[in-house]
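Trainee: One structure, as structure tokens, below. Some questions next.
Every read-out reported here was derived from the displayed coordinates using simple, explicitly stated rules and does not represent laboratory data. All of these numbers come straight from a predicted model, not from anything done at the bench. Cβ placement follows ideal geometry from the backbone for every residue including glycine, while neighbour counts extend to all protein chains displayed.
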Amino acid sequence: MRALTIAVMIALFAFASIANADFVFYYGTGNGDFMDTPPVFTGGMDPGGMITDGSWTITITDDGWPTDPVARAAYIWDTFYAPNYMPGSPGFWKAYFDTDHGLAAMNALQIVDETGGAGVIGTMGGVCSVEIQVQDDNSNGILDEGEFCDGALTGQVIIIRDGSGIYDGLCGTGDYFGTYEKQSCPDTYETWQFGMYLNLNDCTSPVQDMSWGGIKALYQ
Amino acid sequence: MKRLALAMTALAIVLFVVAPVGATQFQPGSSGLGSFMKSPVVYEFNFLFGMTGTWSFTIDDSLWPDPSDPAARFDYIWDTFFAGNYDATPGAQAWRGYFDGLTLPTVPTFEMNVTSTIPPNMVGTLGGSATFVIQVRDFVSDGVLSQAEKDNNHGFNVTLVIDPSQGTGDFVNMCGTGSMAAFALTGGDEKRFNFVDPPDDDALELLGQMIIDPCPSPVEDSSWGTIKALYK
């Protein structure tokens, strides 16, 4: 309880600086299910970061995925995990949910900041990759029961300039680390817990591709 | 501001801990140096909190051009790992580079020399496999990497798999996993990933978590095969 109080006090102190900060980070915990159409992982913020109250949502792009549960599970495994087996002791599969590995579009990320307890003070959104690691405990190259219950979760983030409130006009990049855990494995409903870092910059000055192209052309 | 971030992050070690039943979780922050433009590609870190000691990761660059020709080396890295992975999402154009056992001759590795941890205190060494993803933004959305974009601070994350056979001390026969991402813990955003060309050390700060638990009882593949055969 004491630690929680200290965290909240520090977060309140940090809140005043967020508008001028070049970075923001927060810890999130939430739930979702790849069997849902679309898979939506959503939850709240944990203490310890600069955003301490609010919510986050990551929507996985599932265009083209089967809706039948058996076919859907097989499609996800065969498309994102099975091709990415790394030998080792133990071996492991690494799934990359992004456009480079079979998604029709990047996953959507939305963040609502309610730090301070007086309602929404800002929102921001963008896209993110989702990387999930599955350990092959007996290194036999076959997914056995119990091997897909928990593991590492990571990803890359891009914040697009469509935020509001204290994030109005900001854009940036970031990354995150964390874990996934299926609550009643092998059931597919899972909990995500992660820490996300965002480097935000003032992007209010409009820049057109054609203008930049023209400038580059002058120097070539 | 940076010290505040460090303090808050360190505090989160205590608050942000939910590990699978029976597992021990650590949330280490670390600061290190290394470079993709030097050979071998080794980043060496000191833990800042969560653990004390050092750790490193190594990427197999045996197929990469020698650092004496940095232009050729960078071009090879870019063409091999990034150029083919361009995402044209409006407002979020970016390249992502994947460094793993599929894109490299061997799976990247890591080693940790842990001299203490937050309770329960654990001391020893551990090592295993690693995979990395680096994101490079195309800020002007033209599909061409500019010098400014190359020199920017890039997103970086890594996942780890602990090899129980490498454990010593308190990590003997311990299994587990880990994940880390670039965070500006003590410095500015420049503490995220940089190519640093002409070749020089890249200062990188990472925050992440390690989940460590005793390995399941040893099971041989042949035994598993036999058991599986019974159910077919």
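Trainee: For labels at residue A:168 and residue A:145 in the simple 7 Å Cα→Cβ model, what's the distance in nm?
Mentor: So the two model labels end up 5.7 nm from each other.
Trainee: A further question on this structure: Measuring from a point 7 Å past the Cα of residue B:121 along Cα-to-C-beta, which residues in the stretch B:156-189 have an amide N at less than 16 Å?
Mentor: Answer for the stretch B:156-189: B:169-171.
Trainee: Same structure again: Could you calculate, for the stretch B:2-230, the ratio of the Cα radius of gyration to the Kirkwood radius, expressed as Rg to Rh?
Mentor: Looking at the stretch B:2-230, the ratio lands at 1.01.
Trainee: Within 10 Å of each Cβ of A:134-145, how many other protein chain Cβ atoms are there on average?
Mentor: Mean shielding by partner chains, rounded to a whole number: 3.
Trainee: Turning to a different aspect of this structure: Arrange the following residues from fewest to most other Cβ atoms within 10 Å of their Cβ: B:103, A:154, A:204, A:123. Don't skip to the end; give the middle numbers.
Mentor: Values: B:103 13, A:154 29, A:204 10, A:123 19.
The most exposed by this proxy come first: A:204, B:103, A:123, A:154.
Trainee: Around residue A:52, with a cut-off of 11 angstrom between Cβ atoms, what is the net charge of the other residues, counting Lys and Arg +1 and Asp and Glu -1?
Mentor: With Lys, Arg at +1 and Asp, Glu at -1, the net is -4.
Trainee: Can you put B:186, A:67 in order, fewest other beta carbons within 10 Å first?
Mentor: A:67, B:186
Trainee: Treat the count of other C-beta atoms within 10 Å as a stand-in for reagent exposure and order B:162, B:212 from fewest to most. Walk me through the intermediate numbers first.
Mentor: On the way: B:162 27, B:212 21.
By the 10 Å Cβ count, ascending: B:212, B:162.
Trainee: Please give the net charge around residue B:154, taking every other residue with its beta carbon less than 11 angstrom from that of residue B:154, where Lys and Arg add +1 and Asp and Glu add -1.
Mentor: -2
Trainee: Separate question: Could you pull out every one of the aspartates and glutamates with an alpha carbon less than 15 Å from that of residue B:38, ignoring same-chain neighbours closer than 8 positions?
Mentor: The reachable aspartates and glutamates, counting only those whose Cα sits under 15 Å from residue B:38, are B:60, B:61, B:66, B:69, B:75, B:197, B:200, B:201, B:202.
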